[in-house]
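Presented below is the structure to which this report refers.
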Amino acid sequence: MKKIVVTGGSGFIGSNLIDYLLKKKYFVINIDKSSYSANPYNVKSFKKKKNYLFFKLDISNKMRIFKILKKFKPIGIINLAAETHVDRSIDNPKAFLDSNIIGVYSLLESLRKFKKKRSKIKLLHVSTDEVYGDLPRSKKADENFKYNPSSPYSASKASGDQMIKAYLRTYKVNALIAHPCNNYGPKQFPEKLIPKMIFSVLNNKSLPLYGKGKNSREWMYVKDTCDALLKIFIKGKIGENYNIGTGKNLTNIEIIKKILKIAKLKKRKIGRKTKIVFVKDRPGHDVRYALNSNKIRKRLKWKHKTVLSHGLLKTFEWYEENKGYFKKIGKENYKRLGLKL
């Protein structure tokens, strides 16, 4: 049974990816430092499986990372360990430097050292579309588009990407980079837009929306992203980047209206407090991200399968049926951060 290390496997995309890999008959080693967003609820369905192991560990600890690689001899690492919330990066940039730059450096050093013993081991690093920065309506970023990060979060992710590219050239490590668009789905931490709004609908709370709600994003159902990541890991070319997008943008206010429509379809009573409330925009808020994802479609024969309306419905139903997930999260984590300069 082939072994894969997933870092950040107790988080949103990580836990969904582990579930996906286990069903594909991989042996998965989850390395996660179990910070605020690593909800134990995310891994409860598979934590007792024979082909799953968990290590509570910060990826910055390269000595222990190397020991795990040496002991289990995995075919590769899929790195999802990261600080990801832009608001938090505005509030506390250093945590993002530690995880998204120093953590990547630690993985690369462990990989470089282990490569001498097992040359085929590879790293798939999961980056973000935000490294390309704020795009005008007429443009989409392909894999050769210049980096132009706007926030401490996207700058830290861009720095991690550049470190990987340097190690590729200097040390000949086996690495690839994926740039997914915005993800949504089960197990997403409720400081992000979609779970935040679903939680608010389910609990008769207001729907806070930055600015005028015109910020535009691509939205990918997390199971489709997991499918793309495994495809890149198996068939992607070492040293290359792959964008993962749907090709369709929606504004934040359009997303919220779709969630409200689903709630009515489900015959959920919409409380009097559940109304869109426009709040002061966060500093440096990018208006539009957009990806050109032709490369993964043409070269790896991948395409997303989940229509947004169906994905949102499945996501809404999951949160509705898994209210225990919210109980594992402190109330302070439902707040929007990073509003002050």
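What about residue 48, is it in contact with a strand residue (DSSP E or B) (Cβ under 9 Å, 6 or more places away or on another chain), surrounded by fewer than 18 Cβ atoms within 10 Å (Cβ to Cβ), modelled with pLDDT under 95 and not hydrophobic (A, V, I, L, M, F, W, C)? Lay out the reasoning, then the answer.
On the way: in contact with a strand residue (DSSP E or B) (Cβ under 9 Å, 6 or more places away or on another chain): no; surrounded by fewer than 18 Cβ atoms within 10 Å (Cβ to Cβ): yes; modelled with pLDDT under 95: yes; not hydrophobic (A, V, I, L, M, F, W, C): yes.
Judged against the criteria, residue 48 is not a match.
Within segment 33-42, the only residue that satisfies the criterion of being touching a strand residue (DSSP E or B) at 6+ places or on another chain (Cβ under 7 Å) and crowded, with 19+ Cβ neighbours inside 10 Å is 38. When residues in segment 105-132 are screened for being at pLDDT below 95 and in a loop (DSSP other than H, G, I, E, B), 6 of them pass.
Only one entry of 98, 87 meets the criterion of being within 19 Å of the chain's Cα centre (by Cα), free of Cβ contacts under 8 Å to residues at least 40 places away in the same chain and in a helix (DSSP H, G or I), and that entry is 98. Of everything listed in (1) within 23 Å of residue 196 (Cβ to Cβ); (2) surrounded by fewer than 21 Cβ atoms within 10 Å (Cβ to Cβ); (3) not charged (D, E, K, R), the single unmet condition for residue 96 is (2). The residues of segment 300-325 that are assigned to a helix (DSSP H, G or I) and either of a type in the set (Phe, Trp, Tyr) or within 19 Å of residue 249 (Cβ to Cβ) (or both), listed by number, are 308, 309, 310, 311, 312, 315, 316, 318, 319, 325.
Select from segment 1-50 the residues that are of a type in the set (Phe, Trp, Tyr) and in a helix (DSSP H, G or I) and write down the one among them that is farthest from residue 196 (Cα to Cα). If you could, list the steps in order and put the result at the bottom.
Of all residues in segment 1-50, those of a type in the set (Phe, Trp, Tyr) come to 12, 20, 26-27, 36, 41, 46.
Now restrict to residues that are in a helix (DSSP H, G or I): 12, 20, 41.
Numbers: 12: 14, 20: 25, 41: 17 Å.
Among those residues, the one meeting the criterion is 20.
Of 150, 138, all but one fail to be at pLDDT 90 or above, part of a loop (DSSP other than H, G, I, E, B), small (Gly, Ala, Ser) and more than 23 Å from residue 17 (Cβ to Cβ); the exception is 150. Considering (1) within 25 Å of the chain's Cα centre (by Cα); (2) of a type in the set (A, V, I, L, M); (3) outside any loop (DSSP other than H, G, I, E, B), the lone condition that residue 277 does not fulfil carries the number (1). Mind listing whichever residues of segment 236-250 are part of a strand (DSSP E or B), under 18 Å from the mean Cα position of the chain (by Cα) and not polar (S, T, N, Q)? Correct list: 242, 244.
Among the candidates 228, 263, the residue that is surrounded by fewer than 20 Cβ atoms within 10 Å (Cβ to Cβ), part of a helix (DSSP H, G or I) and either of a type outside the set (S, T, N, Q) or touching a Leu at 6+ places or on another chain (Cβ under 7 Å) (or both) is uniquely 263. Checked against the criterion of being surrounded by 19 or more Cβ atoms within 10 Å (Cβ to Cβ), more than 28 Å from residue 143 (Cβ to Cβ) and at pLDDT 95 or above, segment 233-256 contains one or more residues that satisfy it.
The values are calculated or read from the model by the stated rules, or taken from the named source; none is laboratory data. Note that the coordinates shown come from a computational prediction; the quantities given were computed from them, not determined experimentally. Positions of Cβ are backbone-derived with ideal geometry, glycine not excepted, and every protein chain shown enters the neighbour counts.
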